[in-house]
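Take a look at the structure below.
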Amino acid sequence: MTGSVGEIVKAISKAQNIALFCHTNPDGDALGSMLALALSLEKAGKTVGAFCDSPVPEKYKCLKGSDPVKMPAKNAAYDLAISVDCSSLDRLGQSIKSFLSARKQVAIDHHASFQRFAEICLVDSSASACAEIIFDVIREIGNMDGDIAGLLFGAIVTDSGCFAFSSVSPKTHLIAAELMKYDFDAAQIIYNVFRRNDIARFNLQNRVLSKARFFENNSIAVIIFETADFEATGTGIAQTEGIINGLIDIDSVKVAYALSEVNPKNFKLSIRTKSPVSAAEIANRFGGGGHINAAGCRVNGYKEDIVENIVKLAKDRL
Ligand SMILES: [Mn+2]
């Protein structure tokens, strides 16, 4: 059973101390959704903590109110814990304990792979971003302002590929139009979260894309970010985000993979597909998840074995 916006607003009104959580390695949707809800709850007179198990990536530090995001304090007692943009409990990483220790739990998410892990779950897999659902919640609370609107707008821009993905619906645009009535710089937000690059990431991008490998008549593409690439360019795994899009944008490419070396023989795998191939279904095979055209997981092994394996998985689906 899926909860309603009304149920969540009721749970919020009964609580005073509220903890918000987003997933590890947060993206603009996770952070923007969480911070927008935090601002709204603070305005409503609540005591709010916003928590994430990983540091805020450089590119999202421009988001209003991103400084207070921290690891939850041990033994903190909350009336209510709300997770945003998390498809399963383990996406909370080190925050699981403090999420579960609150008196009541709420999960707000938009992943098709969502697994129920809270008393109240508000899930809409047709939403292009979790921020679309958070918008409904904040509208019900009734205290939208320019700062909150800017955060939700940035979240939607991130997860919708700046309104370009197939997940974008008329509702996405209606929400964006509603948000733009408030005072924030939409063009600046799009630049910051979607277009902005820095020279180190530009160098990483050029280095890794120039070594891209193609299979099956250029329908499958693979790039690998190795520790040596990060060292040579002064970058890290956080700066790999989005580089894979350069592959899936190629007209012949139907499945694109980016492997990022986390530890020796341990890689983060990002998957982008063109429909009907499901990225989420491939990620599921490795215990990961995501959306139809964008998903991710962790993979262990020798890189060449992994490449052989994932190319075969793509080939079987074309
Ligand atoms: Mn999201």
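The values are calculated or read from the model by the stated rules, or taken from the named source; none is laboratory data. Please read all numbers here as calculations on a predicted model, not as lab measurements. Cβ coordinates were reconstructed from backbone atoms using ideal geometry, including for glycine residues, and neighbour counts include every protein chain displayed.
Do the conditions hold for Cys121, that is, is it over 14 Å from the mean Cα position of the chain (by Cα) and surrounded by 17 or more Cβ atoms within 10 Å (Cβ to Cβ)? Considered against the rule, which asks whether it is over 14 Å from the mean Cα position of the chain (by Cα) and surrounded by 17 or more Cβ atoms within 10 Å (Cβ to Cβ), Cys121 comes out as yes. Taking the criterion of being farther than 18 Å from Cys130 by Cα, of a type in the set (Lys, Arg) and part of a loop (DSSP other than H, G, I, E, B), the residues of the stretch 19-70 that qualify are Lys46, Lys61.
The set of residues from the stretch 181-193 being loosely packed, with under 13 Cβ neighbours inside 10 Å and in contact with a helix residue (DSSP H, G or I) (Cβ under 6 Å, 6 or more places away or on another chain) comprises just one member, Asp183.
For the stretch 280-318, the set of residues classified as among the hydrophobic types (A, V, I, L, M, F, W, C) and without any contact (Cβ under 8 Å) to a residue 24 or more places away in the chain consists of Ala283, Phe286, listed by residue number.
Regarding the stretch 165-175, can at least one residue be identified that is within 23 Å of Thr273 (Cβ to Cβ), free of Cβ contacts under 8 Å to residues at least 24 places away in the same chain, within 16 Å of the ligand (Cβ to nearest atom) and surrounded by fewer than 16 Cβ atoms within 10 Å (Cβ to Cβ)? There is no residue in the stretch 165-175 that is within 23 Å of Thr273 (Cβ to Cβ), free of Cβ contacts under 8 Å to residues at least 24 places away in the same chain, within 16 Å of the ligand (Cβ to nearest atom) and surrounded by fewer than 16 Cβ atoms within 10 Å (Cβ to Cβ). A single member of Val311, Val299 is among the β-branched types (Val, Ile, Thr) and in contact with a Leu (Cβ under 7 Å, 6 or more places away or on another chain), and it is Val299. Residue-level check: of (1) outside the structural domain of Leu269 (by TED's automatic domain parsing); (2) of a type outside the set (D, E, K, R); (3) in a helix (DSSP H, G or I), Phe184 misses just (3). Among the residues here, Asp53 does not qualify as in contact (Cβ under 8 Å) with a residue 24 or more places away in the chain, of a type in the set (Asp, Glu), buried (at least 21 other Cβ atoms within 10 Å of the Cβ) and under 29 Å from Thr240 (Cβ atoms). Counting only residues that are among the aliphatic types (A, V, I, L, M), under 18 Å from Met180 (Cβ atoms) and touching a Ser or Thr at 6+ places or on another chain (Cβ under 7 Å), the stretch 130-151 holds 4 of them.
In the stretch 126-158, how many are within 11 Å of the ligand (Cβ to nearest atom) and among the hydroxyl-bearing types (Ser, Thr, Tyr)? First the steps, then the outcome.
To start, the set of residues in the stretch 126-158 that are within 11 Å of the ligand (Cβ to nearest atom) comprises 127-134, 155-156, 158.
Of the ones still in play, those that are also among the hydroxyl-bearing types (Ser, Thr, Tyr) are 128, 158.
Selection size over the stretch 126-158: 2.
The single condition from (1) of a type outside the set (Ser, Thr, Tyr); (2) in contact with a strand residue (DSSP E or B) (Cβ under 6 Å, 6 or more places away or on another chain); (3) more than 16 Å from the ligand (Cβ to nearest atom) that Ala76 fails is (2). Candidates are the residues of the stretch 94-117 that are crowded, with 18+ Cβ neighbours inside 10 Å and not in a loop (DSSP other than H, G, I, E, B); the one that is farthest from the ligand (Cβ to nearest atom) is Ser98.
Considering the stretch 59-73, and only residues there that are modelled with pLDDT under 85, surrounded by fewer than 21 Cβ atoms within 10 Å (Cβ to Cβ) and not hydrophobic (A, V, I, L, M, F, W, C), the residue that is nearest to the ligand (Cβ to nearest atom) turns out to be Ser66. Looking only at residues of the stretch 5-28 that are within 16 Å of the ligand (Cβ to nearest atom), over 15 Å from Ile138 (Cβ atoms) and crowded, with 19+ Cβ neighbours inside 10 Å, we find that the one that is farthest from the chain's Cα centre (by Cα) is Phe21.
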